Amino acid sequence: MIELKQLADDLSICRVLNGMWQVSGTHGYIEPQKAIDEMIEYHNLGFTTWDLADIYGPAELFIGRFRKKLEKLKGKDELKNSQALTKFVPNPGPMTKSIVEHYVDKSLEKMNTNCLDLIQFHWWDYNNPSYIDALIHLSNIRDKGKIRHVGLTNFDTERLQIILDQGIEIISNQVQYSILDQRTEKLMAPFCRQNKIHLLSYGTLLGGFLSEKFLNSPEPLRGDLSTASLKKYYNMINAWGGWELFQELLQVLLQISKKHNCSIANVATSFILEKPAVAGVIIGARLGISEHRDDNSKAFAVQLDSEDKLMIKSVTEKSKDLFESIGDCGSEYR
Ligand SMILES: NC(=O)c1ccc[n+]([C@@H]2O[C@H](COP(=O)([O-])OP(=O)(O)OC[C@H]3O[C@@H](n4cnc5c(N)ncnc54)[C@H](OP(=O)(O)O)[C@@H]3O)[C@@H](O)[C@H]2O)c1
(Lines give C-alpha, C1' and ligand atoms only; values in the text may rest on other atoms or scores of the structure.)
Protein backbone atom coordinates (compact mmCIF):
# COMPACT_ATOMS: atom_id res chain seq x y z
CA MET A 1 0.00 0.00 0.00
CA ILE A 2 1.61 3.25 -1.20
CA GLU A 3 0.91 6.52 0.62
CA LEU A 4 0.52 9.82 -1.20
CA LYS A 5 0.87 13.40 0.02
CA GLN A 6 -0.28 16.71 -1.45
CA LEU A 7 2.85 18.85 -1.60
CA ALA A 8 0.62 21.56 -3.08
CA ASP A 9 -2.91 21.73 -4.50
CA ASP A 10 -1.64 20.65 -7.90
CA LEU A 11 1.22 18.38 -6.82
CA SER A 12 0.69 15.01 -5.21
CA ILE A 13 3.75 12.85 -4.48
CA CYS A 14 4.51 9.34 -3.29
CA ARG A 15 5.69 9.63 0.34
CA VAL A 16 8.69 7.44 -0.42
CA LEU A 17 10.57 9.20 -3.20
CA ASN A 18 13.18 7.59 -5.44
CA GLY A 19 16.51 9.36 -4.99
CA MET A 20 18.71 9.78 -8.05
CA TRP A 21 22.01 10.94 -6.55
CA GLN A 22 22.78 7.23 -6.85
CA VAL A 23 22.99 7.52 -10.67
CA SER A 24 25.54 10.33 -10.56
CA GLY A 25 28.55 8.06 -11.04
CA THR A 26 29.79 7.84 -7.46
CA HIS A 27 27.66 4.84 -6.45
CA GLY A 28 28.74 2.27 -9.06
CA TYR A 29 28.31 2.11 -12.83
CA ILE A 30 24.71 2.63 -13.95
CA GLU A 31 23.78 1.19 -17.33
CA PRO A 32 21.39 3.77 -18.88
CA GLN A 33 18.98 1.39 -20.64
CA LYS A 34 18.71 -0.84 -17.60
CA ALA A 35 18.15 2.23 -15.45
CA ILE A 36 15.24 3.46 -17.60
CA ASP A 37 13.64 0.00 -17.54
CA GLU A 38 13.95 -0.03 -13.76
CA MET A 39 12.35 3.41 -13.53
CA ILE A 40 9.29 1.98 -15.26
CA GLU A 41 9.17 -0.80 -12.64
CA TYR A 42 9.27 1.77 -9.81
CA HIS A 43 6.51 3.76 -11.48
CA ASN A 44 4.34 0.67 -12.03
CA LEU A 45 4.53 -0.20 -8.32
CA GLY A 46 3.40 3.30 -7.33
CA PHE A 47 6.84 4.79 -6.58
CA THR A 48 6.05 7.62 -8.98
CA THR A 49 8.13 10.46 -7.52
CA TRP A 50 11.78 11.15 -8.39
CA ASP A 51 14.20 13.38 -6.55
CA LEU A 52 17.11 14.58 -8.64
CA ALA A 53 19.34 17.56 -9.38
CA ASP A 54 21.05 19.34 -12.22
CA ILE A 55 24.33 18.16 -10.66
CA TYR A 56 23.47 14.43 -10.39
CA GLY A 57 25.25 13.37 -13.63
CA PRO A 58 22.72 12.02 -16.16
CA ALA A 59 19.72 12.11 -13.77
CA GLU A 60 17.76 14.80 -15.66
CA LEU A 61 18.45 13.04 -18.97
CA PHE A 62 17.21 9.77 -17.45
CA ILE A 63 13.96 11.51 -16.51
CA GLY A 64 13.64 12.72 -20.10
CA ARG A 65 14.17 9.23 -21.48
CA PHE A 66 11.90 7.70 -18.83
CA ARG A 67 9.10 10.12 -19.74
CA LYS A 68 9.42 9.22 -23.44
CA LYS A 69 9.28 5.50 -22.63
CA LEU A 70 6.35 5.91 -20.22
CA GLU A 71 4.40 7.84 -22.86
CA LYS A 72 5.13 5.16 -25.45
CA LEU A 73 4.05 2.35 -23.11
CA LYS A 74 1.01 3.94 -21.48
CA GLY A 75 0.07 7.07 -23.40
CA LYS A 76 0.56 10.78 -22.74
CA ASP A 77 -1.96 10.92 -19.88
CA GLU A 78 0.19 8.64 -17.73
CA LEU A 79 2.85 11.38 -17.53
CA LYS A 80 0.51 13.24 -15.19
CA ASN A 81 1.01 10.41 -12.69
CA SER A 82 4.78 10.91 -12.53
CA GLN A 83 6.53 13.67 -10.61
CA ALA A 84 10.15 14.77 -11.01
CA LEU A 85 11.52 17.12 -8.36
CA THR A 86 14.82 18.53 -9.55
CA LYS A 87 17.29 20.97 -7.98
CA PHE A 88 19.13 24.06 -9.11
CA VAL A 89 22.61 24.06 -7.54
CA PRO A 90 24.58 26.95 -9.05
CA ASN A 91 28.06 28.09 -8.12
CA PRO A 92 27.72 31.21 -5.97
CA GLY A 93 27.96 34.29 -8.17
CA PRO A 94 25.68 36.93 -9.66
CA MET A 95 22.21 35.48 -10.25
CA THR A 96 20.72 37.47 -13.11
CA LYS A 97 17.39 36.69 -14.74
CA SER A 98 19.09 35.34 -17.86
CA ILE A 99 21.48 33.08 -15.92
CA VAL A 100 18.67 31.57 -13.84
CA GLU A 101 16.37 31.16 -16.85
CA HIS A 102 19.20 29.55 -18.82
CA TYR A 103 19.56 26.80 -16.16
CA VAL A 104 15.82 26.28 -15.89
CA ASP A 105 15.59 25.92 -19.69
CA LYS A 106 18.42 23.38 -19.65
CA SER A 107 16.59 21.26 -17.05
CA LEU A 108 13.33 21.50 -19.01
CA GLU A 109 15.03 20.34 -22.18
CA LYS A 110 16.86 17.44 -20.54
CA MET A 111 13.76 16.30 -18.67
CA ASN A 112 11.63 16.47 -21.82
CA THR A 113 8.92 18.61 -20.26
CA ASN A 114 7.59 22.15 -20.52
CA CYS A 115 7.06 22.59 -16.77
CA LEU A 116 9.21 21.48 -13.80
CA ASP A 117 7.06 20.09 -10.96
CA LEU A 118 9.39 21.48 -8.30
CA ILE A 119 12.78 23.13 -8.42
CA GLN A 120 14.70 22.88 -5.15
CA PHE A 121 17.28 25.62 -4.81
CA HIS A 122 20.64 25.08 -3.07
CA TRP A 123 23.12 27.82 -2.17
CA TRP A 124 26.64 27.14 -0.95
CA ASP A 125 27.58 30.49 0.58
CA TYR A 126 25.28 32.63 2.72
CA ASN A 127 27.90 35.43 2.70
CA ASN A 128 26.90 35.93 -0.92
CA PRO A 129 23.34 37.35 -0.79
CA SER A 130 22.61 36.62 -4.47
CA TYR A 131 20.53 33.65 -3.35
CA ILE A 132 17.67 36.09 -2.85
CA ASP A 133 18.01 37.29 -6.49
CA ALA A 134 17.98 33.69 -7.70
CA LEU A 135 14.82 32.94 -5.73
CA ILE A 136 13.06 36.06 -7.03
CA HIS A 137 13.89 35.03 -10.62
CA LEU A 138 12.76 31.45 -9.97
CA SER A 139 9.48 32.81 -8.58
CA ASN A 140 8.96 34.96 -11.69
CA ILE A 141 9.73 32.01 -13.95
CA ARG A 142 7.21 29.97 -11.92
CA ASP A 143 4.59 32.67 -12.46
CA LYS A 144 5.23 32.46 -16.22
CA GLY A 145 4.50 28.71 -16.09
CA LYS A 146 7.86 26.98 -16.63
CA ILE A 147 8.03 25.84 -12.99
CA ARG A 148 5.10 24.64 -10.92
CA HIS A 149 6.65 25.27 -7.47
CA VAL A 150 9.82 26.59 -5.86
CA GLY A 151 11.45 24.75 -2.95
CA LEU A 152 14.80 24.74 -1.19
CA THR A 153 17.38 22.25 -0.10
CA ASN A 154 19.77 22.45 2.84
CA PHE A 155 18.69 25.93 3.91
CA ASP A 156 18.81 26.67 7.64
CA THR A 157 15.97 28.20 9.65
CA GLU A 158 17.57 31.64 9.84
CA ARG A 159 17.80 31.99 6.04
CA LEU A 160 14.38 30.44 5.54
CA GLN A 161 12.98 33.27 7.67
CA ILE A 162 14.92 35.85 5.59
CA ILE A 163 13.52 34.34 2.39
CA LEU A 164 9.94 34.38 3.66
CA ASP A 165 10.41 37.99 4.85
CA GLN A 166 11.08 38.87 1.19
CA GLY A 167 7.61 37.57 0.31
CA ILE A 168 9.05 34.60 -1.61
CA GLU A 169 6.73 31.60 -1.71
CA ILE A 170 8.45 28.31 -0.83
CA ILE A 171 6.67 24.96 -0.53
CA SER A 172 9.47 22.67 0.69
CA ASN A 173 12.94 22.31 2.15
CA GLN A 174 14.94 19.12 1.65
CA VAL A 175 17.18 18.24 4.61
CA GLN A 176 19.07 15.38 6.18
CA TYR A 177 16.78 13.73 8.72
CA SER A 178 17.17 10.32 10.32
CA ILE A 179 17.10 8.48 13.64
CA LEU A 180 20.74 9.55 13.93
CA ASP A 181 20.43 13.11 12.75
CA GLN A 182 17.45 14.79 14.37
CA ARG A 183 18.82 18.37 14.24
CA THR A 184 15.74 19.30 12.23
CA GLU A 185 13.60 19.06 15.35
CA LYS A 186 15.25 21.97 17.15
CA LEU A 187 14.24 24.85 14.88
CA MET A 188 13.46 23.73 11.35
CA ALA A 189 10.51 21.38 11.86
CA PRO A 190 8.49 23.71 14.14
CA PHE A 191 9.25 26.65 11.81
CA CYS A 192 8.11 24.67 8.77
CA ARG A 193 4.89 23.55 10.42
CA GLN A 194 4.11 27.10 11.40
CA ASN A 195 4.77 28.38 7.89
CA LYS A 196 3.20 25.46 5.98
CA ILE A 197 6.47 24.39 4.38
CA HIS A 198 6.96 20.67 3.77
CA LEU A 199 10.14 18.84 4.67
CA LEU A 200 11.56 16.20 2.35
CA SER A 201 14.14 14.07 4.12
CA TYR A 202 17.27 12.38 2.86
CA GLY A 203 19.92 10.28 4.59
CA THR A 204 17.07 8.50 6.39
CA LEU A 205 18.71 5.10 5.72
CA LEU A 206 22.26 6.50 6.07
CA GLY A 207 23.17 5.25 2.62
CA GLY A 208 22.14 1.70 3.62
CA PHE A 209 23.89 1.59 7.02
CA LEU A 210 20.49 1.42 8.71
CA SER A 211 19.85 -2.17 7.60
CA GLU A 212 20.54 -5.79 8.54
CA LYS A 213 23.54 -5.72 6.20
CA PHE A 214 25.64 -3.78 8.71
CA LEU A 215 24.31 -5.46 11.86
CA ASN A 216 27.12 -7.13 13.84
CA SER A 217 29.58 -6.17 11.14
CA PRO A 218 33.03 -4.91 12.15
CA GLU A 219 33.74 -1.22 11.70
CA PRO A 220 34.40 -0.71 7.97
CA LEU A 221 37.62 0.74 6.63
CA ARG A 222 37.01 3.86 4.58
CA GLY A 223 38.36 2.05 1.51
CA ASP A 224 35.66 -0.63 1.90
CA LEU A 225 32.84 1.88 1.53
CA SER A 226 31.73 1.44 -2.06
CA THR A 227 29.42 4.46 -2.53
CA ALA A 228 29.70 8.21 -1.93
CA SER A 229 26.59 7.87 0.19
CA LEU A 230 28.16 5.31 2.58
CA LYS A 231 31.26 7.52 2.87
CA LYS A 232 29.12 10.56 3.68
CA TYR A 233 27.10 8.82 6.39
CA TYR A 234 30.09 6.99 7.87
CA ASN A 235 31.37 10.47 8.76
CA MET A 236 27.98 11.22 10.27
CA ILE A 237 28.05 8.02 12.37
CA ASN A 238 31.47 9.04 13.70
CA ALA A 239 30.30 12.57 14.49
CA TRP A 240 27.21 11.14 16.20
CA GLY A 241 28.79 8.61 18.52
CA GLY A 242 30.89 6.05 16.68
CA TRP A 243 30.55 2.49 15.46
CA GLU A 244 29.99 0.82 18.82
CA LEU A 245 27.01 3.01 19.68
CA PHE A 246 25.73 2.58 16.14
CA GLN A 247 25.78 -1.22 16.60
CA GLU A 248 23.80 -0.74 19.80
CA LEU A 249 21.25 1.24 17.81
CA LEU A 250 21.04 -1.46 15.12
CA GLN A 251 20.37 -4.10 17.82
CA VAL A 252 17.48 -2.04 19.17
CA LEU A 253 16.12 -1.47 15.66
CA LEU A 254 16.35 -5.20 15.00
CA GLN A 255 14.23 -5.91 18.06
CA ILE A 256 11.65 -3.35 16.95
CA SER A 257 11.65 -4.66 13.39
CA LYS A 258 10.99 -8.21 14.62
CA LYS A 259 8.08 -6.98 16.72
CA HIS A 260 6.52 -5.30 13.65
CA ASN A 261 7.51 -8.08 11.27
CA CYS A 262 9.40 -5.68 9.04
CA SER A 263 12.96 -4.68 8.18
CA ILE A 264 15.32 -2.32 10.01
CA ALA A 265 15.08 0.00 6.99
CA ASN A 266 11.29 0.05 7.41
CA VAL A 267 11.64 1.11 11.05
CA ALA A 268 14.09 3.87 10.08
CA THR A 269 11.78 5.10 7.30
CA SER A 270 8.63 4.97 9.40
CA PHE A 271 10.33 6.87 12.25
CA ILE A 272 10.78 9.87 9.91
CA LEU A 273 7.62 9.44 7.80
CA GLU A 274 5.46 9.95 10.85
CA LYS A 275 7.03 13.28 11.78
CA PRO A 276 4.33 15.87 11.21
CA ALA A 277 6.50 18.28 9.20
CA VAL A 278 7.71 15.56 6.84
CA ALA A 279 5.95 15.13 3.51
CA GLY A 280 8.22 12.39 2.22
CA VAL A 281 11.36 10.35 2.70
CA ILE A 282 13.77 10.08 -0.21
CA ILE A 283 15.43 6.67 -0.57
CA GLY A 284 18.35 6.39 -2.95
CA ALA A 285 17.93 3.95 -5.85
CA ARG A 286 20.99 2.42 -7.53
CA LEU A 287 19.02 1.77 -10.69
CA GLY A 288 19.96 -1.53 -12.30
CA ILE A 289 22.41 -2.43 -9.49
CA SER A 290 20.15 -3.04 -6.50
CA GLU A 291 16.52 -2.48 -5.61
CA HIS A 292 14.44 -2.72 -2.41
CA ARG A 293 11.01 -1.82 -3.79
CA ASP A 294 9.02 -4.61 -2.09
CA ASP A 295 10.69 -4.01 1.24
CA ASN A 296 10.33 -0.22 1.08
CA SER A 297 6.65 -0.49 0.17
CA LYS A 298 6.11 -2.14 3.59
CA ALA A 299 7.34 0.96 5.46
CA PHE A 300 3.97 2.69 5.05
CA ALA A 301 2.21 0.06 7.17
CA VAL A 302 4.65 0.25 10.12
CA GLN A 303 3.28 2.18 13.09
CA LEU A 304 5.88 2.64 15.81
CA ASP A 305 4.46 2.86 19.32
CA SER A 306 5.69 4.80 22.34
CA GLU A 307 7.62 1.80 23.65
CA ASP A 308 9.55 1.55 20.35
CA LYS A 309 10.33 5.26 20.44
CA LEU A 310 11.57 5.03 24.03
CA MET A 311 13.86 2.16 23.08
CA ILE A 312 15.31 4.23 20.23
CA LYS A 313 15.70 7.23 22.50
CA SER A 314 17.55 5.15 25.09
CA VAL A 315 20.35 4.81 22.53
CA THR A 316 20.17 8.17 20.73
CA GLU A 317 20.34 10.08 24.02
CA LYS A 318 23.84 8.65 24.52
CA SER A 319 25.05 10.30 21.31
CA LYS A 320 26.70 13.66 20.80
CA ASP A 321 24.47 16.64 20.04
CA LEU A 322 24.83 17.13 16.28
CA PHE A 323 23.07 20.48 16.38
CA GLU A 324 25.77 21.73 18.72
CA SER A 325 28.69 20.26 16.78
CA ILE A 326 27.46 20.83 13.19
CA GLY A 327 24.71 23.44 13.46
CA ASP A 328 21.25 23.74 11.96
CA CYS A 329 20.14 21.89 8.81
CA GLY A 330 22.54 22.16 5.90
CA SER A 331 25.44 23.53 7.95
CA GLU A 332 27.47 20.45 6.98
CA TYR A 333 27.68 21.93 3.46
CA ARG A 334 29.03 25.30 4.54
N1 LIG B 1 19.80 17.66 -0.93
C2 LIG B 1 20.91 17.05 -0.65
O3 LIG B 1 21.94 17.67 -0.33
C4 LIG B 1 20.95 15.55 -0.71
C5 LIG B 1 22.04 14.87 -0.16
C6 LIG B 1 22.03 13.48 -0.20
C7 LIG B 1 20.96 12.81 -0.77
N8 LIG B 1 19.92 13.51 -1.30
C9 LIG B 1 18.78 12.83 -1.94
O10 LIG B 1 18.42 11.71 -1.16
C11 LIG B 1 18.55 10.51 -1.92
C12 LIG B 1 18.95 9.41 -1.01
O13 LIG B 1 20.35 9.35 -0.90
P14 LIG B 1 21.15 9.03 0.42
O15 LIG B 1 22.57 9.22 0.08
O16 LIG B 1 20.58 9.78 1.54
O17 LIG B 1 20.94 7.45 0.60
P18 LIG B 1 19.88 6.62 1.43
O19 LIG B 1 18.54 6.77 0.86
O20 LIG B 1 20.07 6.85 2.89
O21 LIG B 1 20.43 5.16 1.13
C22 LIG B 1 20.20 4.53 -0.10
C23 LIG B 1 20.74 3.10 -0.05
O24 LIG B 1 20.12 2.40 1.00
C25 LIG B 1 20.01 1.04 0.67
N26 LIG B 1 18.59 0.65 0.83
C27 LIG B 1 17.49 1.23 0.28
N28 LIG B 1 16.38 0.60 0.69
C29 LIG B 1 16.77 -0.41 1.49
C30 LIG B 1 16.09 -1.41 2.21
N31 LIG B 1 14.77 -1.50 2.21
N32 LIG B 1 16.83 -2.31 2.92
C33 LIG B 1 18.17 -2.23 2.94
N34 LIG B 1 18.89 -1.30 2.28
C35 LIG B 1 18.18 -0.39 1.58
C36 LIG B 1 20.46 0.87 -0.77
O37 LIG B 1 21.79 0.38 -0.73
P38 LIG B 1 22.33 -0.68 -1.83
O39 LIG B 1 22.12 -0.01 -3.13
O40 LIG B 1 23.75 -0.87 -1.47
O41 LIG B 1 21.50 -1.93 -1.66
C42 LIG B 1 20.42 2.30 -1.30
O43 LIG B 1 21.37 2.51 -2.29
C44 LIG B 1 19.53 10.87 -3.03
O45 LIG B 1 19.42 10.04 -4.16
C46 LIG B 1 19.12 12.29 -3.33
O47 LIG B 1 17.98 12.27 -4.15
C48 LIG B 1 19.91 14.87 -1.27
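The values are calculated or read from the model by the stated rules, or taken from the named source; none is laboratory data. What you are looking at is a predicted structure, and each value in this text was computed from that prediction instead of being measured. Surface areas here come from the heavy atoms of the whole protein model, side chains and all, with no ligands, DNA or RNA. Shrake-Rupley method; radii C 1.70, N 1.55, O 1.52, S 1.80 Å.
I need the shape label for region 66-185. Rule: rounded when a/c is under 1.5, else prolate if a/b > b/c, else oblate, with a, b, c from the alpha carbon gyration tensor.
Verdict is oblate for region 66-185.
Round to a whole angstrom and tell me the spacing of the C-alpha centers of region 276-334 and region 13-59.
20
For W50, what residues show an amide H to amide H distance below 5 Å, using hydrogens built from the backbone and excluding near sequence neighbours?
N18, Q83, A84, L85
Debye sum, Cα scatterers, the chain, no solvent: what log₁₀ I/I(0) at q = 0.09, 0.12, 0.15 1/Å?
Cα-only, vacuum Debye calculation for the chain: -0.46, -0.84, -1.33.
Straight-line reach from K34: which aspartates and glutamates have a Cα under 18 Å away, not including same-chain ones fewer than 8 places off?
E60, E71, E291
Using the Karplus equation 6.51 cos²θ - 1.76 cosθ + 1.60 (θ = phi - 60°), what ³J(HN,Hα) coupling, rounded to whole Hz, does each residue of region 130-141 give in order, writing x for Gly and Pro?
5, 4, 5, 4, 4, 5, 5, 5, 4, 5, 5, 5
Angle check, please: helix 59-74 long axis (alpha carbons) against the longest principal axis of the chain (alpha carbons), in degrees 0 to 90, nearest 10.
80
Taking 8 Å as the Cα distance limit and 6 or more residues as the minimum spacing, I'd like the relative contact order of region 30-150 as a percentage.
25
Measure up K232/K258; K231/K298; K186/K275; K87/K110; K106/K196; K5/K231 against 20 Å on the Cα-Cα distance and list the ones that go over.
Pairs exceeding the cut-off: K232/K258; K231/K298; K106/K196; K5/K231.
Can you give me the relative contact order of the chain as a percent, contacts being Cα pairs under 8 Å and 6 or more apart?
Relative contact order here is 21 percent.
Taking all protein chains as present, what is the carbon and sulfur share of the accessible area of region 250-297, in % to the nearest whole number, probe 1.4 Å?
45
To the nearest 10 degrees, how steep is helix 243-260 against the longest Cα principal axis of the chain, on a 0 to 90 scale?
Once rounded, the angle reads 90 degrees.
Which whole-number percentage describes the relative contact order of region 170-282, with Cα contacts under 8 Å and a sequence gap of 6 or more?
Worked out over region 170-282, it gives 36 percent.
Classify region 206-334 from the C-alpha gyration tensor, please: rounded if a/c falls under 1.5, else prolate or oblate depending on whether a/b exceeds b/c.
Verdict is rounded for region 206-334.
In whole percent, how big is the carbon plus sulfur part of the accessible area of region 67-205, probe 1.4 Å, protein atoms only?
Percent of accessible area from carbon and sulfur atoms in region 67-205: 47.
Would you mind checking the tilt of helix 264-273 against the longest principal axis of the Cα atoms of the chain, expressed as 0 to 90 degrees and rounded to 10?
50
Given only helices, namely DSSP H runs of n ≥ 4 each adding -39500 (n - 2.57), what is the per-residue ellipticity at 222 nm of the chain, to the nearest 500 deg cm²/dmol?
For the chain, the value works out to -12500 deg cm²/dmol.
Just the accessible area for H198, please: 1.4 Å probe, Å², rounded to the nearest 10?
Approximately 40 Å² for this residue.
Accessible area per residue of the chain at 1.4 Å probe, in Å²?
Accessible area per residue: 44 Å².
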